Amino acid sequence: MLMKSIKGSLAFLISISLLTIVVPFSAQADVTNQPQINYSDNTGLSFAVAPASISGFKSPKIQWFVGGKAVAGATKTAFKATAKQKNQSIQLKVTSAGTTAASVVGTIGQVIVNVKPTVTLSDSSGTKVLATPGAFSPKTAKVTYQWFKGPIEIGGAKSSTYIPAATDQGFKIFVSANYSAKGFIDNKSDSADISIPVTKRTYLQVWQDEFNGAAGSAPDSAIWAPENGDGSKAVAGGGWGNKERQYYIPSLAKITSTGALQIDATTTGANEYNCYYKTPCEWISSKYITKDKVGFKYGRLEARIKGPVGSGTWGAFWMLGADIDTRIWPWCGEIDVTELVGKAPNTAYGYFHGLLSGGFGGRGTTVDMPNGFANEYHTYAVDWLPESVDWYVDGVLFGSQQKKDKDWVFDHEFYLVVNLAMGGNLGGTIEPGLKQANISFDWIRFSTINGVGEVIKH
């Protein structure tokens with residue numbers, strides 16, 4: 001529940017510098033491979049035909065081409081270019097049984113990519129996409145990757161393995177490979193597109209709190225415990241690490257006659273408490289957590305919520321790593337199912353935090369809500385899986401983040417948090433005339449996703 005910044009990057013497709021030219025073989029010709037060019041030393045001038053690439057040719061006749069023209073006498077399996085020919089094109093053609101096959105068109109002194117990189121699905125469900133670098137020379141070249149979704153560069157996707165996001169399903173992706181070797185000019189080559197299959201998710205609800213207790217009663221103590229105070233004892237400092245202005249007390253969270261949990265924030269009675277800013281508190285509110293009572297690992301968590309009204313309000317439905325007592329934030333991890341901020345009444349936030357997964361700013365996105373979040377109830381959810389976290393509003397996916405950080409901390413038990421904060425880093429300045437606000441939770445539910453997910457009861 002921290003200040004968010006949204007970053008995105010847009011990149012257009014990188015044109016490859018190698019052209020693959022293949023003359024179709026006749027049905028009678030015993031030609032099964034495309035000839036390939038290899039460097040025979042590190043000068044960038046000495047070439048040789050890759051023997052395996054012409055093993056299927058009968059009595060092959062070889063011809064080397066530089067700058068698109070046949071080089072007189074260059075009919076051997078090895079060829080030595082001159083220094084003056086550096087940066088010109090080079091190509092090999094092999095004739096067998098009346099049919100001619102051509103290699104790629106390379107550049108003298110540049111890494112040669114004989115076979116483009118390829119991408120394949122790890123399984124029919126498309127949980128992973130794997131890239132292989134193809135065939136290139138010199139063999140010492142290092143290969144780095146960047147994945148694309150259509151013309152758009154996928155931020156941070158630079159591994160040979162890509163884990164598709166839920167938002168990738170039904171779209172085509174490809175990988176752009178960069179080949180670099182000492183003493184040679186870099187080269188780039190793109191794989192063919194691959195379609196990410198649409199995987200149907202099946203949900204089975206296994207836990208819920210419908211808040212159907214007696215009107216005026218506190219949340220169920222078997223599930224919820226209040227977390228009180230101004231956060232001055234928190235490791236991150238007063239105001240729960242966010243410079244929030246409220247002091248939490250348990251009595252401002254109550255079950256309503258309509259079967260909802262309503263959390264009130266008010267200025268009335270706030271001066272009876274002392275806050276970290278060394279004056280009587282400005283606001284009081286409530287915060288409840290399921291820590292040491294009920295935990296969750298993976299699955300879908302969702303809540304039907306009516307958000308607060310007024311600039312400076314900051315309502316939230318979120319989760320923290322259950323190991324927070326031994327691994328402080330952000331090492332424990334945080335997943336914000338939604339944050340509803342009064343200064344942006346038409347915006348819902350969906351973020352998470354880990355030491356490298358965004359840290360203070362987090363990693364995630366926002367979604368526009370044309371009718372706002374405070375006029376009526378809306379359903380906010382996350383699908384939390386071992387490789388990804390996806391955010392939804394009213395059943396519509398609006399954000400997805402994948403496992404790509406070395407510190408991926410979203411792999412253990414988390415507990416729930418509901419609260420209404422005032423001010424702070426994200427809440428911002430509280431409007432002067434505001435004296436009270438509230439947030440309501442109609443219900444909170446948990447479901448497994450295709451059998452994945454568990455409820456942990458203490």
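Tabulated results
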item	result
Test: residue in the stretch 144-152 that is in contact (Cβ under 8 Å) with a residue 60 or more places away in the chain and closer than 30 Å to Lys69 by Cα	no
Scan of the stretch 406-427 for residues that are under 17 Å from Thr267 (Cβ atoms) and surrounded by fewer than 22 Cβ atoms within 10 Å (Cβ to Cβ), ordered by number	Gly423
So Thr448, is it surrounded by fewer than 22 Cβ atoms within 10 Å (Cβ to Cβ) and touching an Asp or Glu at 6+ places or on another chain (Cβ under 6 Å)	no
Top-ranked residue in the stretch 65-85 [being within 46 Å of the chain's Cα centre (by Cα) and assigned to a loop (DSSP other than H, G, I, E, B); ranked as surrounded by the fewest Cβ atoms within 10 Å (Cβ to Cβ)]	Gly68
Out of Ala157, Ala131, sole residue that is in contact with a strand residue (DSSP E or B) (Cβ under 6 Å, 6 or more places away or on another chain) and assigned to a loop (DSSP other than H, G, I, E, B)	Ala157
Single residue of Lys404, Lys343 found to be basic (Lys, Arg), in a loop (DSSP other than H, G, I, E, B), more than 18 Å from Arg304 (Cα to Cα) and modelled with pLDDT under 95	Lys404
The one condition in (1) part of a loop (DSSP other than H, G, I, E, B); (2) farther than 22 Å from Gly299 by Cα that Ala177 fails to fulfil	(1)
Single residue of the stretch 327-378 satisfying the filter (touching a Ser or Thr at 6+ places or on another chain (Cβ under 7 Å) and closer than 21 Å to Arg445 by Cα) that is surrounded by the fewest Cβ atoms within 10 Å (Cβ to Cβ)	Tyr349
Residue within the stretch 198-218 that is without any contact (Cβ under 8 Å) to a residue 24 or more places away in the chain and closer than 16 Å to Ile255 by Cβ present	no
Any hit, the stretch 237-252, residues being assigned by TED's automatic domain parsing to the domain that holds Asn425, part of a loop (DSSP other than H, G, I, E, B) and either more than 21 Å from Gly312 (Cα to Cα) or aromatic (Phe, Trp, Tyr) (or both)	no
Condition broken by Ala52, with the remaining ones in (1) modelled with pLDDT under 95; (2) surrounded by 11 or more Cβ atoms within 10 Å (Cβ to Cβ); (3) of a type in the set (A, V, I, L, M) satisfied	(2)
Residue satisfying all of: in the stretch 86-132; closer than 22 Å to Asn187 by Cα and basic (Lys, Arg); surrounded by the fewest Cβ atoms within 10 Å (Cβ to Cβ) among these	Lys86
Members of the stretch 199-211 found to be assigned to a loop (DSSP other than H, G, I, E, B) and surrounded by 12 or more Cβ atoms within 10 Å (Cβ to Cβ), listed by number	Thr199, Arg201, Glu210, Phe211
Every residue from the stretch 86-122 that is under 32 Å from the mean Cα position of the chain (by Cα) and over 24 Å from Lys182 (Cβ atoms)	Thr118, Val119, Thr120, Leu121, Ser122
Residue satisfying all of: in the stretch 425-450; part of a loop (DSSP other than H, G, I, E, B) and touching a residue at least 40 places away in the same chain (Cβ under 8 Å); farthest from Ser286 (Cα to Cα) among these	Asn450
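The values are calculated or read from the model by the stated rules, or taken from the named source; none is laboratory data. Nothing here was measured: the structure is a model prediction, and the numbers come from that model. Note: ideal-geometry Cβ built from the backbone for every residue, glycine included; neighbour counts use all protein chains shown.
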